[in-house]
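Beneath this line is the structure, given in structure tokens, with notes to follow.
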Amino acid sequence: MTQYDDKETEIYEWAKQNASELGYVLNPDYDIVAMAIKGLANNKKKYGEQYCSCREVSGNKEQDRKIICPCVYRGKDIEQRGACKCALFLK
Ligand code: SF4
């Protein structure tokens, strides 16, 4: 089982809470969740924002705002495919 550092734990707890508030769940596949959470935490440490780990950060703050998790695409992706692009959040 992967160990989370403080920032990763914080993001994991946020993701759980955010999912439950919206009627979503986190992916039951622990490895997928760990990869997404670690990616978000790395981006937060590197760029100061929890940018999506399965999308490319352009460096244009205005444009990249769309991919701060939860990205603007999440609702539509979950509605259409049952999962967000990183498969962290599921229906
Ligand atoms: S696809 Fe969107 S909602 Fe899913 S982890 Fe990436 S930023 Fe978050």
Can you go through Cys54, Cys69 and tell me which one is within 11 Å of the ligand (Cβ to nearest atom) and buried (at least 18 other Cβ atoms within 10 Å of the Cβ)? Cys69
So is Gln17 open to solvent by 50 Å² or more (accessible area, probe 1.4 Å) and either aliphatic (A, V, I, L, M) or part of a loop (DSSP other than H, G, I, E, B) (or both) or not? no
Show the residue pairs that are 6+ apart or on different chains and have beta-carbon atoms under 9 Å apart, the first residue being within the stretch 67-87 and on the phi > 0 side of the Ramachandran plot, the second being not basic (Lys, Arg). Gly82/Leu90; Ala87/Asn27; Ala87/Asp29; Ala87/Ile32; Ala87/Val33; Ala87/Ala36; Ala87/Cys54
Leu90 being under 28 Å from Gln3 (Cβ atoms), out of contact with any Leu (no Cβ under 9 Å at 6 or more places or on another chain), at pLDDT 95 or above and within 12 Å of the ligand (Cβ to nearest atom): no
Among the residues of the stretch 54-84, write down those that are touching a helix residue (DSSP H, G or I) at 6+ places or on another chain (Cβ under 6 Å) and under 23 Å from Gly23 (Cβ atoms). Cys69, Val72, Cys84
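The values are calculated or read from the model by the stated rules, or taken from the named source; none is laboratory data. Keep in mind it's a predicted model, so treat the numbers as computed, not measured. Note that we place each Cβ from the backbone using ideal geometry, even for glycine, and neighbour counts take in every protein chain shown. To get the accessible areas, we keep the full protein, side chains included, count just its heavy atoms, and leave off ligands, DNA and RNA. Shrake-Rupley method; radii C 1.70, N 1.55, O 1.52, S 1.80 Å.
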